[in-house]
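The values are calculated or read from the model by the stated rules, or taken from the named source; none is laboratory data. Predicted model only: the values in this text are computed from it and were never measured. Cβ: placed from backbone, ideal geometry, glycine included. Neighbour counts: every protein chain shown. Areas reflect the complete protein model, heavy atoms only, side chains present, ligands, DNA and RNA absent. Shrake-Rupley method; radii C 1.70, N 1.55, O 1.52, S 1.80 Å.
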Amino acid sequence: MLGMSANSVSYNEQGSVESGVDAAQENSNISGGGGGGAAFSLFSADCKKNEDLKEMLENNKESLKLEAMKRIVGLIAKGKNASELFPAVVKNVASKNIELKKLVYVYLVRYAEEQQDLALLSISTFQRALKDPNQLIRASALRVLSSIRVPIIVPIMMLAIKESSTDLSPYVRKTAAHAIQKLYSLDPDQKEHLIEVIEKLLKDKSTLVAGSVVMAFEEVCPDRIDLIHKNYRKLCNMLVDVEEWGQVVIIHMLTRYARTQFVSPWGEDAVFDENNEKTFYDSEEERRADESKPYVMDPDHRLLLRNTKPLLQSRNTAVVMAVSQLYWHLAPKHEISIVTKSLVRLLRSHREVQYVVLQNIATMSIQRKGMFEPFMKSFYVRSTDATHIKTLKLEILTNLANEANISTILREFQTYVKSQDKAFAAATIQAIGRCATDISEVTDTCLNGLVLLLSNRDETVVAESVVVIKKLLQTQPSQHSDIIKHMAKLFDNITVPMARASILWLMGEYCEHVPKIAPDVLRKMAKTFTSEEDIVKLQIVNLAAKLYLTNSKQTKLLTQYILNLGKYDQNYDIRDRTRFIRQLIVPNEKSGALSKYARRILMAPKPAPVLQSAFKDRDRYQLGTLSHSLNSYATGYLELSNWPPVAPDQSVRNVEVVEPVTEALASALGKSKHAKSDEKFYSGSEEEEEEEEEEGSSSEDSSSSSGESESESKSEENSDDSNKSSSSQSEKSSSESDTDKKKTQKNKKLHQQKPASKDRKLKNGKAANDESRSGSESDSESSSSESSSESGSQSELDSNSDSGTDQKRKTKSKPVQSKPVTNAEKKEVSLLDLDDFSPVPVSTPKSSILSPSLLSDLQGLSISSSASALQASSPVFVPETSHELLHRMTGKGLSAQYRFTRQPCIYGNSMVSLQLTLSNNSEQALENIHISEKSSSGQNIHRFSAIERLEPQASATVSMGVDFNDSTQAAHFQLCTKEDEFSVSIQPAVGELLLPITMSEADFTKEQGKLVGMNESSATITTTPENISSQSVNRNVVSAANLGVIPSNQENIHRFAGKTVSSGSLVLVSVAPKDPDALITVNTEKSVIASMLLRQFKTALTNITP
Amino acid sequence: MIHSLFLINNGGDLFLEKHWKSVISRSVCDYFFEAREKAVEPDNVPPVIRTPHHYLINIYREKIFFVSVIQTEVPPLFVIEFLHRIAETFQDYFGECSETIIKDNVVIVYELLEEMLDNGFPLATESNILKELIRPPTILRSMVNTITGSSNVGETLPTGQLSTIPWRRAGVKYTNNEAYFDVVEEIDAILDKSGTTVFAEIQGVIDACVKMSGMPDLTLSFMNPRLLDDVSFHPCVRYKRWESERVISFIPPDGNFQLMSYHISAQNLVAIPVYVKQNISFFETGSSGRLDITVGPKQTMGKTVECLVVTVHMPKVVLSANLNATQGTYNYDPVTKILLWDIGKLNPQKLPNLKGSLSLQSGAPKPEENPSLNIDLKIQQLAISGLKVNRLDMYGEKYKPFKGVKYVTKAGKFQVRT
């Protein structure tokens, strides 16, 4: 079969050399051919094939390119080298065809490391895609950018990660979290910066991000446990809703965390067990810590246990295992057994799952038999099980054996001993041996059973029995001379060296019990000495020595004979031993004092070997880990610390519950409403309640829902209570759940008091504030002190620090978005010139890397593909000027300014994005600043989320979106504070209603050709030569209107392109200076806009003096 | 986490490789081949293999080894579970998961693997999401694609990816709204020579096929939920409601999925539907043996036992079998040493019997243990545990769906020792 497929491949490939098979046939060859054909591919054939792949890639037809890429991916999948196609492939990275693009990404990630220089060509495409309005494209750009392992782009990656970590799409943020690990593995020096990003993402409220960022945390900075404190409760509460893979990672991390932060709950157990007088949960190594002090579990500790418990019902076996190990390492001893059922359930799963689960059960069952004893039968072996599964089951059964069930187990073992799988049968014999030593009642029965096995036909079974019997006899030799005699009789039939050696050793050791037989055995051995295996020879020498000491009359000569044989043995071990023994036992003048003690040396009573489980010491590894599975430290294993003797400060985890950051986004993205309303079912935590309240279209709705969830949480507590009382934990548990109750109630009140204010709080990233505030919060504190009547001094402090950080943040995040302002900053981080953001795609600095031909290729590409013509680009220029929205006099101290950011609006595709700066110039703090809902004048406005409180002299920056509908009509709305309403209006300049576009010159002319006649308006202006210089024209035009510059070959004509924000109609502007006049032409379907633009350009180009 | 993945067929051919981080040479698989060699049977290959620099975690499924390369500590079950999820996704996409199918669809396979993991960490594993990103191949679509040049790849982020119910996509529409539930129970049992039950338990799953428009919110309740001993749910099921009310409340994924699985433990009495009278013996002399098996109904609750199959893993020394079956057909494969007796429907009036002689390798000692029998069977319209679905209610949508429940009992790991 294999040969066949290989043949067919080689045949086909040769065919392609000769006749140049057409594409379709080639393809079928690749997909259908066998995998083993790699060796057959001739060099020439390979080259030839790649040649036509190259041709296909350079073809203009999308379908051919796609075909070529598919074949290349086929090559990669088979592990063949396709790296020489890199230049041809990389050109397609900007393709519009998403499948083609994805395949190119696959290729890039595979080969970029090998072709670093060429890979750099693609970087700018990704950078552009990072700004794409489509979140999937942003995310995949980041994925690929961060997967290209080219050290030179580290700064670019860093920047992209930082930007994406604040992206509004949680999916992009998730991707950013993944990128953190990639960058870290590429350049560990970035650690500090990456930790900052991790810190930020850990605060993220999206369940989508949580798992990925914790993964990054584990990889980059697992020791920074301090980053977790603030997020601990949030992580616990959101755990149920996190996707399953994230759950595993978070649970493992929280296990480690909890071991450093809480005190051991196991001390309590000692008390518990004593009270009950039941040793069911007894463990061998009970840590009877401070028994005097009653143990009260930290509510956070309890929170973790409670929130992970439902996950035991997960369909994902890894999640179940993770929860089980968490309970094993963290839960009070009497609660651990709740994981048993779930673990046993996993045994129904695939063979590999069984293997790992059984390993863990084996470790658990050594310490706590009680956990699994009721499920003993689930570990019965089937003849169809794989060998390693069988041995593990056997191990567990042995661990579970006790006086009560030993007879059942032994009966089961009897079946196993007869198994056709001899390795397994041998393992069973060892298991029987272990049972015999562990449970003294059955030692005799086992021993007799084993003796019966000595007459078994299978050698391995017999050998194993002998070895086990030897070990057993050592424990009580005097009573078993019969068995020793029996073994001596069998000796001739046993050929396995280990077994023979064992019998000889037994003879020697207990020669006094079998005085007649032992010398006879020695006699036989003297005959066969030379043909025995080494270990057997050693034991013969041993036996001889012992007999010489006890029964020298009969064996003196025999011993001397054997010692002589040994003296000339080939093996130096045996020669050494012989020499040693001779000196020891045969008295002569030289032999000194030692021989006096020979008897005591050789016949010393020897301690019986301890038969114990191979899993005895496995519990030094955290359960469920790779290290545990391998029983050795795996790279990157994180040790589980011991419980701290005294609990560290608990208040570090206090944090005010805040609601998801993605609120605004979610609604903008059209996140389905029903999803929200259902959420309360999935986790009865506070978080959803908030979401609901915030969403609250009608107040009635929200109140009812909160009522519902309250009752729900109450019932949950009830069940908790009952749970506990049933587990016979009277006092402690009730007090514990009491505090729990208090806490949840308090939280609840908190929400109800300030539902609307949360957003602002969140925006300001008040973590520090929260900390200081809740740090002072004690359990007895009533919720009222939490409300707005906070003590003045504290709040002032808070707000100051707030606005400080706030501004810092803003200035940090802003520049990233608005390119030109920060071009300087950009330049220092990027190695490639980032001019591609401005619509001059092929700028000179690049050509140093590009070979000329490639350059032209790239250029040709961008011209030929019409699809890429209408690519939206970043603004060329963002005016810093802001306009007054509300003067502080009219606004009673509140002043507002707005500014056009010229960015695509995140709230909606047809919106113009605005940035509002609100400042409080009054003496008092202003509360609840928002935009009234009823007041909008026809336009669709995306309101900024309400600012809860603005301190005196402080200012806040918010962003909003307005759909002006491509008209310059002002947007009227009411800006409200708690007390007042102010009518304000925003009058957009026509230039702000546009978004820039990049396109090639050819496209521009083509499009312009379509927009003639009615759609064209032009004007001639007179201007000064300075004004008409190409630089100043560009500057003036782009500052007047948000347009993109089209690169032009003609010196004396300037072209700009954009599209209207709402309708997306094309707006093309060209300025042709004809000294001293200049002709301005505007081509667009929107004639009103055209005339207004024209007017604006006229003023812009005539009036302004440089 | 997962560094690379290699797919290796039973013959030891490495036919697909995929790397999520830097490329790892395929020579790392040599350690796997070594272990494979040592294990003899593919089932005996240890799932976790240690090499000097890497760890190999592998699963064996559909005659393919999925070998993943790991470099640092990771919960092994995490990887194993994920590898199985990959295999299931292939199955879901291509109808089966075999070497030829994977080779034929190598591009889609690659695209899938690319979406499922990012940097070795799972990204999208929900089939509903994946199918929006990469559409499964159908004959019609591949024809349309060749003509129009459109692609199989979705351009927007699947709606499920961002919502709290990632398993369901938005905007589902059907003209016929229907929901079917299959209660499938499997009996795991070990019977000893005399026919007494050594161990028996019931494993059940409820498979659902829900094709309903919009966002239906379903509630499934049982007549006797107390029967269920241990349950595990699809992520869509609200666990709190199960805990408090013992009803299953969920917004279903679109299409086929496994709603829950449950376990009815050995403590309850498990009805064993059939009994087996067997007599297998090997003679000390003459290198031959005799075999006589009769199967009869035991506790079938008045239903017919169908698809009855008896499988015997014979000892290595058995060369051939000369048997006579009163019903059905038998087949002995001398290479794998498996005797397969396909009986079909069990007729209580005329019990099926298989009788005849076995010939052994001459000179070899007679096997000391008799082979155990594995029974496979199926009973329609019966859940052997007695579990009954009470009703299915729907909220959140206006239409009236068509509802159906089916019960099947099968033999799971049903073994008779001899």
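Excluding ligands, DNA and RNA, the accessible surface per residue across region A:890-1044 is 41 Å² with a 1.4 Å probe. Each Lys or Arg adds one and each Asp or Glu subtracts one; over the other residues with Cβ under 9 Å from the Cβ of A:Lys567, this totals +2. Label region A:481-543 by shape, choosing from rounded, prolate and oblate, from the square roots a ≥ b ≥ c of the eigenvalues of the Cα gyration tensor; if a/c is under 1.5 it is rounded, and otherwise prolate applies when a/b is larger than b/c, oblate when it is not. Prolate.
When a 1.4 Å probe is rolled over the protein heavy atoms, the share of accessible surface on region A:36-193 that falls to carbon and sulfur comes to 54 percent. Taking 0.36 nm per residue of sequence separation and removing the Cα-Cα distance, the A:Glu884/A:Glu923 pair yields an extension gain of 11.9 nm.
Of the trypsin sites (Lys or Arg not before Pro) found in region A:171-247, those in coil by DSSP whose Cβ has at most 16 other Cβ atoms within 10 Å are A:Arg224.
Principal-axis analysis of the Cα atoms of chain B puts helix B:106-116 at an angle of about 70° to the longest axis. By a 1.4 Å probe calculation restricted to protein chains, B:Glu368 has an accessible surface near 70 Å², given to the nearest 10.
The residues of region B:308-418 have, on average, 51 Å² of accessible surface per residue, using a 1.4 Å probe with all protein chains present. The accessible surface of region A:385-515, taken with every protein chain in place and a 1.4 Å probe, is 51 percent carbon and sulfur. Could you tell me the distance between the Cα centroids of region B:67-144 and region B:317-390, to the nearest Å? If we compute the Cα centre of each part, the gap is 37 Å. Phi angles of region A:214-231 translate, via the Karplus equation with coefficients 6.51, -1.76, 1.60 and θ = phi - 60°, into HN-Hα couplings of 5, 4, 4, 4, 4, 7, 8, 9, x, 7, 7, 4, 5, 6, 7, 2, 5, 9 Hz per residue; Gly and Pro are given as x. What do you get for the angle between helix B:29-39 and the principal long axis of chain B? Use alpha-carbon atoms, 0 to 90 degrees, nearest ten. Rounded to the nearest ten degrees, it is 20. Residues B:Tyr174, A:Tyr898, ordered by accessible area of protein heavy atoms at a 1.4 angstrom probe radius and largest first, appear as B:Tyr174, A:Tyr898.
With the Cα gyration tensor of chain B giving a ≥ b ≥ c as the square roots of its eigenvalues, does the rule (a/c under 1.5 for rounded; else a/b larger than b/c for prolate; else oblate) give rounded, prolate or oblate? Oblate.
In region B:347-373, burial by the other protein chains removes 50 Å² or more of 1.4 Å probe accessible surface, compared with the chain on its own, from B:Glu368, B:Glu369.
Once the partner protein chains are put back, region B:34-74 shows a loss of at least 50 square angstrom of accessible area, versus the chain by itself, at B:Asp43, B:Asn44, B:Pro47, B:Val48, B:Arg50, B:Tyr55, B:Glu73 (probe 1.4 Å, ligands and nucleic acids excluded).
At full extension, B:Ser27 and B:Asp43 could sit 3.5 nm farther apart than now, given 0.36 nm per residue minus the alpha carbon distance. Ligands, DNA and RNA left out, the accessible area of chain B computed with a 1.4 Å probe is 50% carbon and sulfur. The residues of region B:170-301 expose on average 38 square angstrom of accessible surface per residue, using a 1.4 Å probe on protein heavy atoms.
Region A:178-205 and region B:193-261 have their alpha-carbon centroids 41 Å apart.
Put a dot 7 Å past each Cα toward the Cβ at B:Arg246 and A:Asn493; how far apart are the dots in nm? Modelled inter-label distance: 6.0 nm. Computed from the C-beta positions of A:Thr384 and B:Thr285, the FRET efficiency with R₀ = 22 Å rounds to 0.10. Positive end of the charge dipole of region A:970-1085 (Lys, Arg +1 and Asp, Glu -1 on Cβ, about the Cα centre): tell me which of A:Ser1048, A:Pro1073, A:Ile986 has its Cα farthest that way. So the residue we want is A:Ser1048.
Other residues with beta-carbon under 13 Å from the beta-carbon of A:Ser627 carry, at +1 per Lys or Arg and -1 per Asp or Glu, a net charge of -1.
Under 1.5 on a/c is rounded, so check that first for region B:175-261, then, if it is not, pick prolate when a/b is larger than b/c and oblate when it is not; a ≥ b ≥ c are the square roots of the alpha carbon gyration tensor eigenvalues. Because a/c hits 1.5 or more and a/b exceeds b/c, region B:175-261 counts as prolate. Per-residue Karplus couplings for region A:159-165, computed as 6.51 cos²θ - 1.76 cosθ + 1.60 with θ equal to phi - 60°, are listed in order as 5, 5, 5, 4, 5, 5, 5 Hz, Gly and Pro entered as x. Extension gain for A:Phe580-A:Val1012 works out to 144.2 nm (0.36 nm per residue, less the C-alpha to C-alpha distance). Rolling a 1.4 Å probe over the protein heavy atoms leaves A:Lys606 with an accessible area of roughly 80 Å².
A:Ser465 sits among other residues whose Cβ lies under 14 Å from its own Cβ, and their net charge, with Lys and Arg +1 and Asp and Glu -1, is +4.
Interface area, chains B and A: about 9700 Å² of buried accessible surface, summed, with a 1.4 Å probe and ligands, DNA and RNA left out.
When the label point is put 7 Å from the Cα of A:Asp617 along its Cα-to-beta-carbon vector, which residues of region A:314-345 have a backbone N closer than 14 Å? It comes to no residues whatsoever. The residue among A:Pro515, A:Leu454, A:Ser440 whose Cα reaches farthest toward the positive pole of the charge dipole of region A:420-539, with charges on the beta-carbon of Lys, Arg, Asp and Glu, is A:Pro515. Solvent-accessible surface (1.4 Å probe) assigned to B:Asp192 amounts to roughly 50 Å².
Site pair A:Gln974 and A:Leu452 shows an inter-label distance of 9.5 nm when each label is modelled 7 Å from Cα along Cα→Cβ.
A simple spin-label model places pseudo-atoms 7 Å from Cα toward Cβ; at A:Gln1031 and B:Thr197 they are separated by 9.3 nm.
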